[in-house]
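**Student:** Handing you this structure, nothing more for now.
The values are calculated or read from the model by the stated rules, or taken from the named source; none is laboratory data. As the structure is a prediction and not an experimental result, all values here were calculated from the model. A quick note on method: Cβ atoms are made from the backbone with ideal geometry, for glycine too, and the neighbour counts reach across all protein chains shown.
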Amino acid sequence: MINLETPPKFAPLIAQARHVATEIFRANSRKYDRAEHAYPRELDMLAAMIEGLSDGGALDGAGAGAVGGAGHDGRHNGRHAEPEAVRNGTNMASLLGLIELCWGDVGLMLAMPRQGLGQAAIAAVANREQLQRFGGRWAAMAITEAEAGSDSAAIRTTARLDGDAYVLNGEKIYVTSGARAELIVVWATLDRTQGRAAIKPFVVERENPGLKLERLERKLGIRASDTAAFRLDDCRIPTENLLGSPEIEARRGFGGAMQTFDNTRPLVAGMAIGVARACLERTRELLAQAGIAIDYDAPPHSQPAAACEFIAMESDWEAARLLALQAAWMADNRRPNSLQSSMAKAKAGRTGTEIALRCVALAGSVGYGEGELLEKWARDVKILDIFEGTQQIQQLIVARLLLGKTSAELK
Ligand SMILES: Cc1cc2nc3c(=O)[nH]c(=O)nc-3n(C[C@H](O)[C@H](O)[C@H](O)COP(=O)(O)OP(=O)(O)OC[C@H]3O[C@@H](n4cnc5c(N)ncnc54)[C@H](O)[C@@H]3O)c2cc1C
């Protein structure tokens, strides 16, 4: 039997995240939407809170420049190692915490100190010594390049072995928290002739003189979260900063580390679910103020079109939420979840964007104006359907998995 109740053990975590979302995120939402690139000082006060959430499992090494999931090998899942198959652990805690935080403000959540997608890669492939050096530090992730977005195998940044150092050269764009994080996990190729197997993650200290900040992007949404572009100019790093094996193994390498995203995609789905819930809640209030009551028992023809539409959006939202919960639960139980993770991200990214825009429309001119956060949420939510794999790429992954095709067979 499927139990759709939220596990009671997560109630304190959810309450804590909701408190942060209300008191700090919502309270500063508009301020940092307007002051793009200003550092949200209020988040520093969260350091202790983050530790608390982290201890509760909500924020371990996470998603798209954000919070999240345990290593694919389950190393970080061990903390909640109940033997039975109904285990709800770090992935579920992260998802539930993120939904609350993003109900508050997804941009500020992405800007939270000490978080970052880089930690997901570190957690997944670092050895014991690297975990000690890098674990718990604020780490951004730099995969994307001008010619390598969805097709990350096209990475051109190179890493050349030179004595006891690797020398990195290339350009990275769209690095979430790139100018604020302490570490950047840079993906570079050891040998461009050997394709994706030669692509490896390298940890670069942000203060490294060979890592040059080119610019911060000005964006449609999530303006509280900085997005950086870098140039790597003969950037020397110790050989011990390569994460995982230096061997170029055709069958593992890149693919193995990319599985990190099976755990982080449900978390990005959770971000969209949080923003969409904020939209739905506010729209319900605005509809009520306009005298439109939502009656779940009445047939569609007997209530206003706006109420019918609202109910349809809620059911779509619930479907997205359940898919994300399923994918996170599978990760906690060490079940292969590539299919469910991509389904969850595709569904939530699309549904979140649609709900936010429909809520703006339902609220009319009020929804479009800066007097409401609805217009901001409609801008913020879009990125959740783009980063960590776009809508189209998630659908491609789902199709490949369902049809049993390789990436070479179905592009
Ligand atoms: C605000 C922001 C933050 C980001 N943060 C990070 C970060 O921290 N680290 C990082 O490495 N990257 C980050 N990214 C980059 C992000 O992951 C990429 O933008 C994304 O993967 C898409 O790549 P692209 O922009 O090059 O688009 P492209 O890959 O050029 O795609 C353009 C369009 O074509 C579609 N498309 C591409 N290939 C196919 C195909 N085979 N079939 C069908 N359609 C296809 C895409 O879905 C998209 O609609 C961030 C981006 C943004 C905007």
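**Student:** Condition first: hydroxyl-bearing (Ser, Thr, Tyr), crowded, with 17+ Cβ neighbours inside 10 Å and touching a Gly at 6+ places or on another chain (Cβ under 8 Å). Can you find one or more residues in segment 349-358 that meet it?
**Tutor:** For segment 349-358, residues hydroxyl-bearing (Ser, Thr, Tyr), crowded, with 17+ Cβ neighbours inside 10 Å and touching a Gly at 6+ places or on another chain (Cβ under 8 Å): absent.
**Student:** Looking for whichever is modelled with pLDDT of 85 or more and touching a His at 6+ places or on another chain (Cβ under 9 Å) here; the options are Ala93, Ala17, Ala35. Which one fits?
**Tutor:** Ala93
**Student:** Being without any contact (Cβ under 8 Å) to a residue 60 or more places away in the chain and more than 16 Å from the ligand (Cβ to nearest atom) is the filter; apply it to segment 138-166 and report the residue that is farthest from Ser225 (Cα to Cα).
**Tutor:** Here the answer is Gly163.
**Student:** How many residues does segment 391-406 hold that are more than 22 Å from the chain's Cα centre (by Cα) and either within 9 Å of the ligand (Cβ to nearest atom) or of a type in the set (Lys, Arg) (or both)?
**Tutor:** The qualifying residues number 2.
**Student:** Has segment 313-328 got any residue that is in a helix (DSSP H, G or I), surrounded by fewer than 16 Cβ atoms within 10 Å (Cβ to Cβ) and either within 12 Å of the ligand (Cβ to nearest atom) or among the basic types (Lys, Arg) (or both)?
**Tutor:** No - not one qualifying residue is present in segment 313-328.
**Student:** Could you check how many residues of segment 373-411 are buried (at least 18 other Cβ atoms within 10 Å of the Cβ), of a type in the set (Asp, Glu) and assigned to a loop (DSSP other than H, G, I, E, B)?
**Tutor:** Of the residues in segment 373-411, 1 are buried (at least 18 other Cβ atoms within 10 Å of the Cβ), of a type in the set (Asp, Glu) and assigned to a loop (DSSP other than H, G, I, E, B).
**Student:** Test each condition in (1) near the ligand (Cβ under 10 Å from one of its atoms); (2) surrounded by fewer than 20 Cβ atoms within 10 Å (Cβ to Cβ); (3) basic (Lys, Arg) for Arg196 and report the one that comes out false.
**Tutor:** Result: Arg196 fails condition (1) only.
**Student:** Please pick out the residue among Glu370, Glu354, Glu388, Glu375 that is away from the ligand (no atom under 15 Å from the Cβ), closer than 18 Å to Gly270 by Cα and in contact (Cβ under 8 Å) with a residue 12 or more places away in the chain.
**Tutor:** Glu354
**Student:** May I pose another question? On the given criteria, is Ala305 within 16 Å of the ligand (Cβ to nearest atom) and farther than 28 Å from Ala153 by Cα?
**Tutor:** Criteria not met by Ala305.
**Student:** Counting only residues that are assigned to a loop (DSSP other than H, G, I, E, B) and of a type in the set (A, V, I, L, M, F, W, C), which one in segment 207-223 is farthest from the ligand (Cβ to nearest atom)?
**Tutor:** Filtering segment 207-223 for residues that are assigned to a loop (DSSP other than H, G, I, E, B) and of a type in the set (A, V, I, L, M, F, W, C), the one farthest from the ligand (Cβ to nearest atom) comes out as Leu220.
**Student:** Here is a check on your reading of the model: is Asn169 more than 12 Å from the ligand (Cβ to nearest atom), modelled with pLDDT under 95 and not small (Gly, Ala, Ser)?
**Tutor:** In short, no.
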